[in-house]
Amino acid sequence: MYFQQLWLPTSTTNEGELLLPPEQLLEDSLVYHKLSQDMKDERQWRLLINIEGACNQSCLENLHVLRQVHIALGKEAHRVTRILLLNEQMLKGLGTDYPHMLKAKPKNGFTLKRGEGVYLVDPLDNIMMYYTFSQIGKSMLKDIKKLLKNSNIG
């Protein structure tokens with residue numbers, strides 16, 4: 001039945017939106033601020049955090065929740081890194097906050113199709129999942145833990 005496609009499962013267990021086909025994050029799409037060479041060579045799962053406009057109180061709360069998700073990964077936390085995409089309005093406000101979160105500016109006209117939200121990028125540079133800020137937290141943590149458990153890369 002499966003090979004004849006008479007029955008294909010329609011339900012999924014992921015909470016975020018699976019991007020099909022996955023977009024490609026090119027190596028020269030981002031300019032990192034204060035990135036050491038050993039961090040650049042490491043292939044990790046990445047959470048791209050895209051915030052449009054200035055970082056207000058809800059933005060700070062979202063960054064805090066994402067930090068808590070990262071901490072909740074426990075022994076697998078070293079396999080995931082957070083990258084905040086900075087715009088001109090955010091450069092002044094978040095200069096020293098969140099020292100363990102990478103900060104980058106998009107270049108060469110790089111934009112994310114879904115706009116504001118959190119994008120999950122695999123170690124092979126595929127942007128594969130999208131979360132709105134209302135979806136971050138326990139549901140995102142569940143998805144990431146499942147991916148890390150089943151992944152042999154990163």
* Structure fact -> Here the qualifying pairs (Cβ atoms under 6 Å; residues six or more apart or on different chains; first in segment 139-154 and among the small types (Gly, Ala, Ser); second exposed (fewer than 14 other Cβ atoms within 10 Å of the Cβ)) come out as Gly154/Arg43
* Structure fact -> When every residue in segment 69-106 that is loosely packed, with under 13 Cβ neighbours inside 10 Å and modelled with pLDDT of 85 or more is compared, the one nearest to Tyr32 (Cα to Cα) is His78
* Asked: What is the number of the single condition among (1) more than 14 Å from the chain's Cα centre (by Cα); (2) part of a strand (DSSP E or B); (3) of a type in the set (Phe, Trp, Tyr) that Tyr98 does not meet?
  -> (2)
* **Selection count where residues are closer than 14 Å to Lys105 by Cα, of a type outside the set (Val, Ile, Thr), at pLDDT 75 or above and part of a loop (DSSP other than H, G, I, E, B), scope segment 1-57** => 5
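The values are calculated or read from the model by the stated rules, or taken from the named source; none is laboratory data. None of the values given here were measured: they were computed from a predicted structure. Reconstructed Cβ throughout: ideal geometry from the backbone, glycine too, with neighbour counts over all protein chains shown.
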